[in-house]
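**Q** This is the structure I want to talk about, given as structure tokens.
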Amino acid sequence: MEVEKRQRTRRPPVILIADDTTDTRELYAQYFGSRGFVVVTAHDGTRAVQAAHDHAPDVIVMDLAMPQIDGITAIRRIKADARARQSRVILLTGYPQTSVARGAREAGADLFLTKPCRPDVLEHHVNRLRQPQRPRSP
């Protein structure tokens, strides 16, 4: 009975898709919506930061090159604010350079992926990040 009660009260996972390309944003939003996620979208870095603060998503999929502020700056702002600090972040970009990956990790991204990325592959990574983290050994 207790397990049933917890399952009924569990909220659906929330994902924020931040990308300035409408087709990309809509593709991932439709896919994750069909998979039971509550989907929030943003088309620029400033709106992504605000949406992260307003919705505290479980996972944020952040593009790098966006208007207003870029994805790395947006990640820094999100991680600096207690309202969304716990959100896991994937930087998803068409720029495969090592320096971009390093900058993403330094900003607080949990994962760096390059485009194109099939929705099912992205979902695999999103679900992996949603799993409780095991403590690291010393």
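**Q** Of all the residues that make up region 86-120, how many are of a type in the set (Lys, Arg) and either on the phi > 0 side of the Ramachandran plot or in contact with a Cys (Cβ under 7 Å, 6 or more places away or on another chain) (or both)?
**A** Number satisfying all stated conditions: 0.
**Q** Here is a further query. Which condition breaks for TYR31 when tested against (1) touching a strand residue (DSSP E or B) at 6+ places or on another chain (Cβ under 8 Å); (2) surrounded by 17 or more Cβ atoms within 10 Å (Cβ to Cβ)?
**A** Here TYR31 meets the rest and fails (1).
**Q** Which count do you get for residues in region 65-91 that are in contact with an Asp or Glu (Cβ under 7 Å, 6 or more places away or on another chain), aliphatic (A, V, I, L, M) and at pLDDT below 95?
**A** The qualifying residues number 1.
**Q** May I pose another question? Are any residues in region 38-54 within 12 Å of the chain's Cα centre (by Cα) and either more than 19 Å from LYS115 (Cα to Cα) or not polar (S, T, N, Q) (or both), and if so, which ones?
**A** VAL39, VAL40, ALA42, ALA48, VAL49, ALA51, ALA52, listed by residue number.
**Q** Another question, then. I'm trying to understand the selection: among the residues of region 24-35, which are touching a residue at least 40 places away in the same chain (Cβ under 8 Å) and among the aliphatic types (A, V, I, L, M)?
**A** Matches in region 24-35: LEU27 only.
**Q** Looking at ILE69, is it within 24 Å of PRO12 (Cβ to Cβ) and of a type in the set (Val, Ile, Thr)?
**A** Spelling it out, it is not the case that ILE69 is within 24 Å of PRO12 (Cβ to Cβ) and of a type in the set (Val, Ile, Thr).
**Q** Considering region 13-35 alone, what residues qualify as being assigned to a loop (DSSP other than H, G, I, E, B) and more than 15 Å from the chain's Cα centre (by Cα)?
**A** Once the filter is applied, which keeps residues that are assigned to a loop (DSSP other than H, G, I, E, B) and more than 15 Å from the chain's Cα centre (by Cα), region 13-35 yields THR21, ARG35.
**Q** Suppose the filter is surrounded by 20 or more Cβ atoms within 10 Å (Cβ to Cβ), of a type in the set (Asp, Glu) and in contact (Cβ under 8 Å) with a residue 24 or more places away in the chain; does ASP19 pass it?
**A** Here the answer is yes, as ASP19 does meet what is asked.
The values are calculated or read from the model by the stated rules, or taken from the named source; none is laboratory data. Keep in mind that this is a model prediction, so the values were computed, not measured. With ideal geometry, Cβ positions are generated from the backbone for all residues, glycine too; neighbour counts draw on all protein chains shown.
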